[in-house]
1. What is the spin-label model distance, in nm, from A:His14 to B:Asp356 if the labels are put 7 Å beyond Cα along the C-beta direction?
2. Give me the percent of DSSP beta bridges within the stretch A:153-312 that run antiparallel, rounded to the nearest 5.
3. Which of the lysines could a cross-linker span from A:Lys277 if the Cα-Cα distance has to be under 19 Å and same-chain partners fewer than 8 positions apart are dropped?
4. For the stretch A:307-322 and the stretch B:187-262, write down the distance between their C-alpha centroids in whole Å.
5. Restricting to the protein assembly as shown, what percent of DSSP beta bridges are antiparallel, rounded to 5?
6. I need the shape label for the stretch B:169-256. Rule: rounded when a/c is under 1.5, else prolate if a/b > b/c, else oblate, with a, b, c from the alpha carbon gyration tensor.
7. Whole-Hz Karplus ³J(HN,Hα) for the stretch A:99-111, in order, using 6.51 cos²θ - 1.76 cosθ + 1.60 and θ = phi - 60°, x for Gly and Pro?
8. Positive end of the charge dipole of the protein assembly as shown (Lys, Arg +1 and Asp, Glu -1 on Cβ, about the Cα centre): tell me which of A:Thr332, B:Thr118, B:Gly103 has its Cα farthest that way.
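FYI, it's all coordinate maths here, none of it is from the lab. What you are looking at is a predicted structure, and each value in this text was computed from that prediction instead of being measured. Here the Cβ positions follow ideal geometry from the backbone for every residue, glycine too, while neighbour counts run over all protein chains shown.
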Number of protein chains: 2
Amino acid sequence: MQPQTTLVLTSQAHEDGKIIAALTEMPLPEPAENELVIAVEAAPINPSDLGLLFSSARVDQATFAPGRVEAPLSPAGLAALSGRLGEVMPVGNEGAGTVIAAGSSPRAQALIGRRVATFAGGMYARHRVVPIEACMVLPEGTSAQDGAAAFVNPLTALGFVETLRAVGGKGIVHTAAASNLGQMLVRLCAAEGVPLVNVVRKPEQADLLRGLGAAHVVDSSSPDFAADLRQALEATGADTVFDAIGGGPLLGTILSTMEQVGRAAAGAYSRYGSTAKKRAYVYGMLDTGPITLPRDIGFVWDVSGWLLGPTMEALGPEVRARMTARVGQDLTTLFASSYKAQVPLSRVLDADVVADYNRRATGAKYLILPQE
Amino acid sequence: MQPQTTLVLTSQAHEDGKIIAALTEMPLPEPAENELVIAVEAAPINPSDLGLLFSSARVDQATFAPGRVEAPLSPAGLAALSGRLGEVMPVGNEGAGTVIAAGSSPRAQALIGRRVATFAGGMYARHRVVPIEACMVLPEGTSAQDGAAAFVNPLTALGFVETLRAVGGKGIVHTAAASNLGQMLVRLCAAEGVPLVNVVRKPEQADLLRGLGAAHVVDSSSPDFAADLRQALEATGADTVFDAIGGGPLLGTILSTMEQVGRAAAGAYSRYGSTAKKRAYVYGMLDTGPITLPRDIGFVWDVSGWLLGPTMEALGPEVRARMTARVGQDLTTLFASSYKAQVPLSRVLDADVVADYNRRATGAKYLILPQE
């Protein structure tokens with residue numbers, strides 16, 4: 001039996017220049033033929049979720065009431081959200097839970113009692129009705145915590161490797177590499193034999209990745225950064241950047257250094273620069289400033305936006321099936337996530353909790369437990 | 001009979017921080033089996049030639065002697081040329097002339113007396129020995145003036161259209177569109193039915209292009225630029241920029257406007273922006289500042305360097321053959337170039353001449369006539 005209503009975390013951008021995040025009791029619809037009713041047991045707070053929940057609002061200036069936060073937006077921050085003004089949007093890209101009811105199809109009915117991971121959105125909720133197609137049935141015995149983050153980070157890490165192979169790249173440079181995703185990428189690239197240069201911003205992040213066995217870690221805060229980066233690029237042949245940052249000088253520095261390595265390898269002078277291809281995919285915006293590309297990178301380069309959905313679409317059904325099968329197989333090893341804290345859904349808008357997870361800091365990832 | 005020596009225009013970057021351009025009498029080698037000896041009759045001064053001849057040197061501070069110019073380089077300008085220091089480099093990417101002698105192969109011998117266009121470099125010379133493969137045999141009766149610029153601009157214009165087709169783009173936005181290349185592109189796109197938005201920087205340039213029949217011309221100096229650009233993008237569906245400029249805000253503005261058009265067409269809000277692909281190819285550096293991409297362009301975009309040689313290589317032999325055949329066919333119509341002035345090789349380093357062509361201004365293109 002399914003409940004008539006359920007508790008949902010929503011975000012609304014308001015024309016007065018604020019974001020209202022709220023826990024709301026909302027009706028739970030009956031499942032259609034091929035839909036499942038899930039009791040959500042665990043859902044991670046990813047950077048992309050915070051982009052929807054609070055966007056650029058100032059939570060340090062917010063007003064807190066039980067189950068409700070109002071945080072002010074700058075005029076520019078408000079303008080960026082003009083397309084969603086007034087809309088009450090459920091939050092939470094992914095999560096895992098147990099199927100407690102299902103639509104009439106035998107395929108749906110067969111899944112009652114099973115634990116599934118889903119990537120359907122609106123997962124910061126006690127219950128959620130989702131199509132079967134948005135679910136991955138977890139191996140028997142998998143915990144909700146282990147299955148909660150089976151989509152965004154694992155498929156992104158696999159997507160980087162598949163993208164590299166699709167374009168014929170030789171190796172990856174990853175920025176903000178100490179993130180949960182970055183740690184996953186270290187394990188995946190080691191397993192797949194893909195050369196990987198990890199760029200971090202602090203010595204302790206470098207230590208963390210070296211502790212995971214990363215062979216090439218360079219720290220952009222080090223005085224030796226330029227020389228270390230060049231040496232790592234020469235040692236690995238890495239020619240493809242996956243950049244979480246966007247703004248600031250780092251991406252340009254990496255591409256310039258790749259070009260220097262390419263020119264040195266080519267020997268003869270060409271005023272158009274090296275003909276060795278350099279690629280960068282910008283998949284995040286930890287720095288929301290403009291992407292800046294210096295002109296000492298020659299003419300043989302590609303810089304692109306990178307987004308999981310369109311990338312998986314472009315990679316095609318065969319590669320997609322390979323990727324999801326791989327996630328299921330290695331969920332608790334290569335693709336394991338770690339969390340700083342677990343929090344019940346009822347406490348997710350408490351002032352101290354919001355302040356901590358909204359720092360979006362490396363190693364400060366939260367897991368929401370909606371059944372507690 | 002071929003001469004033993006010939007007059008050649010060369011450029012040398014000197015470690016003292018200057019560029020030395022000089023007319024030098026140099027030995028003319030015997031042709032190998034499949035080489036031709038050409039009496040060069042006409043060679044255009046393209047922006048890419050000026051990049052080699054003077055680079056960023058200050059010709060307004062140069063010292064002029066007969067057949068010799070020394071122009072100072074800034075420290076940054078010198079550093080950018082570190083790979084060519086001391087090397088005496090012949091200048092002149094392309095030109096046309098008559099075959100006056102040839103190597104021993106029947107294929108080479110058969111071309112004696114014919115007029116050819118070549119893209120072999122070093123064409124600012126009385127004579128030049130080049131491989132047959134670097135030549136296009138001009139139709140009988142073609143003048144050297146008509147054949148002089150048969151490669152760089154025609155193949156670049158065709159390369160834009162072929163690139164657009166290879167990536168499945170819907171239409172072109174061209175910046176610095178009043179250039180010789182831009183005028184050619186107006187004619188080519190009209191003939192090929194390719195939607196084209198021309199972006200210029202002055203009202204008189206807009207008038208020039210409208211006079212050629214260009215349907216969509218927007219002037220970035222106009223107060224209505226933003227609205228005009230948006231309207232032109234909506235009218236044409238143009239999604240692929242070919243940018244001659246690089247630095248400055250224009251490229252970012254075009255991509256942002258494409259994104260706004262894409263979002264308006266999509267209707268529903270997505271915080272990752274429009275899924276309509278936006279592409280830009282940066283093929284020049286009229287502004288040598290960094291390329292700057294604002295972050296209001298979503299995540300579905302590609303920005304690449306574009307260089308004729310690697311592009312033709314990537315397009316493959318079939319497309320390359322189609323392109324060169326097309327140039328031969330339409331040399332005096334679609335692919336006609338116009339010149340502000342013609343100048344003998346002996347006068348190409350005169351102070352007033354250098355000052356005029358090195359402005360690199362629209363409508364100030366020179367043609368060198370080495371036999372006069």
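1. Going by the 7 Å Cα→Cβ label model, 6.9 nm.
2. The antiparallel proportion sits near 0 percent.
3. A:Lys170
4. Result: 34 Å between the Cα centres.
5. 65
6. Working: a/c = 1.37, a/b = 1.15, b/c = 1.19.
It comes out rounded by the Cα gyration axes.
7. Karplus-based 3J(HN,Hα) across the stretch A:99-111 equals 6, 9, 7, 7, x, 6, 5, x, 4, 6, 4, 5, 9 Hz.
8. Checking the options against the dipole of the protein assembly as shown, the answer is B:Gly103.
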